[in-house]
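Written out below as structure tokens is the structure these notes cover.
The values are calculated or read from the model by the stated rules, or taken from the named source; none is laboratory data. All values derive from a computational prediction rather than experimental measurement. Ideal geometry is used to build each Cβ from the backbone, glycine not excepted, and the neighbour counts take in all protein chains shown.
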Amino acid sequence: MSETSARILVPVGESSTFRNTAAYATREARRVASETGEEATVHFVYPVRWQLVDELERSASEEVADILDRARVWAAEDLDYDDDGEIDDDGVPVSIETAVVGEDRYLFSPSDFADVLLEYARDRDLGRIIVDPEYQPGGSAPMLQPLELELSRSDRIVEEAPVDRVVERGRFPSRSNLSKALVMFGASFSFYLLLAGVLDTFNLLTGAVSAGIVTTVFSRITFRETPKAGRLLRRTGRFILYVPYLLWEILKANIEVAYIILHPSLPIDPKIQRYRAAIWDDLSVTTLANSITLTPGTLTVDVDRDSLVIHSLTGSARDGLADGTLERAVRFIYYGRAAARIPSPRERGTVEDESVPPTPEEP
């Protein structure tokens with residue numbers, strides 16, 4: 001593999017530096033081609049998780065198509081193409097391609113994303129991969145550094161685009177930030193009043209002040225995308241249905257743990273396992289982790305970037321986790337009924353035993 005290549009793959013997703021990354025990739029393809037005579041091509045590739053991105057696959061596919069269309073338009077602008085598709089100047093021609101990969105797979109970890117991207121690169125003889133510094137293939141979880149690490153283990157040239165991150169300096173709040181602030185304020189204010197239990201002047205005033213402080217500090221970091229009213233209402237309705245189901249699971253687990261405690265032989269079989277859950281965004285992962293912890297007999301010990309480490313007290317508790325009952329219910333909240341098609345952790349083979357270091361002996 002040469003030190004550089006004019007055949008470039010760019011993983012794409014919505015980000016503040018996507019535009020500059022696309023410009024850098026097309027310029028690099030032309031520059032290297034002019035120096036080496038190699039055919040110049042840039043492939044903008046979007047790895048998708050149709051089963052997990054949204055409850056509406058049509059909406060998700062439209063968003064992906066829009067992102068890839070923008071990549072094409074920007075590339076044409078950067079390469080100075082005219083309306084007939086011809087280059088206006090004497091520059092080296094650069095072929096622009098777009099593609100969607102990963103529809104037939106369950107992409108969880110950085111290695112999963114790297115596998116589909118490298119497979120695409122090998123099939124099309126693309127020798128160089130340029131990664132957007134703000135690219136987050138796992139949804140909300142920052143994954144750029146481990147993704148680059150996984151990609152660099154191949155024989156491809158992998159680099160992060162040397163572009164500046166965009167800093168928002170708007171004088172007035174954008175519609176996106178206003179939506180986030182309103183949702184955060186409404187949720188915080190409602191929760192405060194629920195805890196207060198009395199709708200008097202004092203609680204209304206202190207609740208508004210508290211919600212205002214929470215909104216100012218946390219609204220921009222709580223939401224990674226603009227809240228949509230329809231989706232928010234659907235998720236709220238499904239969460240209301242989820243609460244009695246969770247309470248029922250907690251009741252059953254309480255009865256089982258009580259039986260174990262009262263049993264003379266104390267039939268426990270504790271074990272720690274790692275579950276790669278088929279959910280990504282922060283809110284859904286938090287809901288699943290807390291639901292598992294609230295259920296007696298299981299405890300979420302740690303949340304990694306693509307998995308949950310769970311301590312279980314009995315084999316039946318582990319069977320329930322492997323069957324994915326709680327995971328499926330949480331997916332229903334955030335992704336709708338279509339998410340029920342996703343196989344359970346047992347079927348996906350995403351349950352691994354965690355090794356526990358031995359207890360050091362007393363001197």
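Summary table
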quantity: Candidates 310, 261 - the one that is free of Cβ contacts under 8 Å to residues at least 40 places away in the same chain, among the β-branched types (Val, Ile, Thr) and touching a Ser or Thr at 6+ places or on another chain (Cβ under 6 Å); calculated: 310
quantity: Residue count for segment 196-216, restricted to those that are of a type in the set (Val, Ile, Thr) and more than 15 Å from residue 182 (Cα to Cα); calculated: 3
quantity: Residue selected from segment 1-48 under the condition touching a residue at least 60 places away in the same chain (Cβ under 8 Å) and among the basic types (Lys, Arg), by the criterion nearest to residue 129 (Cα to Cα); calculated: 7
quantity: Sole exception among (1) part of a helix (DSSP H, G or I); (2) modelled with pLDDT of 85 or more for residue 199, by number; calculated: (1)
quantity: Counted residues, segment 20-32 - those being within 25 Å of the chain's Cα centre (by Cα) and more than 15 Å from residue 96 (Cβ to Cβ); calculated: 1
quantity: Residue 322 more than 24 Å from residue 236 (Cα to Cα) and either surrounded by 19 or more Cβ atoms within 10 Å (Cβ to Cβ) or not assigned by TED's automatic domain parsing to the domain that holds residue 136 (or both); calculated: yes
quantity: Options 66, 88, 104; residue that is at pLDDT below 70 and in the same structural domain as residue 32 (by TED's automatic domain parsing); calculated: 88
quantity: Residue in segment 225-239 that is of a type in the set (Gly, Ala, Ser), in contact (Cβ under 8 Å) with a residue 24 or more places away in the chain and part of a helix (DSSP H, G or I) present; calculated: no
quantity: Test result for residue 32, under 30 Å from residue 230 (Cα atoms) and modelled with pLDDT of 90 or more; calculated: no
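Residue-by-condition table, conditions (1) part of a loop (DSSP other than H, G, I, E, B); (2) at pLDDT 85 or above; (3) small (Gly, Ala, Ser):
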residue	(1), (2), (3)
119	no, yes, no
140	yes, no, yes
170	yes, no, yes
186	no, yes, yes
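Listed here are the residues, each with its yes/no results for (1) surrounded by fewer than 14 Cβ atoms within 10 Å (Cβ to Cβ); (2) in the same structural domain as residue 137 (by TED's automatic domain parsing); (3) in contact with a Phe, Trp or Tyr (Cβ under 9 Å, 6 or more places away or on another chain).
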site: 285; (1), (2), (3): no, no, no
site: 289; (1), (2), (3): no, no, no
site: 293; (1), (2), (3): no, no, no
site: 302; (1), (2), (3): yes, no, no
site: 308; (1), (2), (3): no, no, yes
site: 327; (1), (2), (3): no, no, yes
site: 344; (1), (2), (3): no, no, no
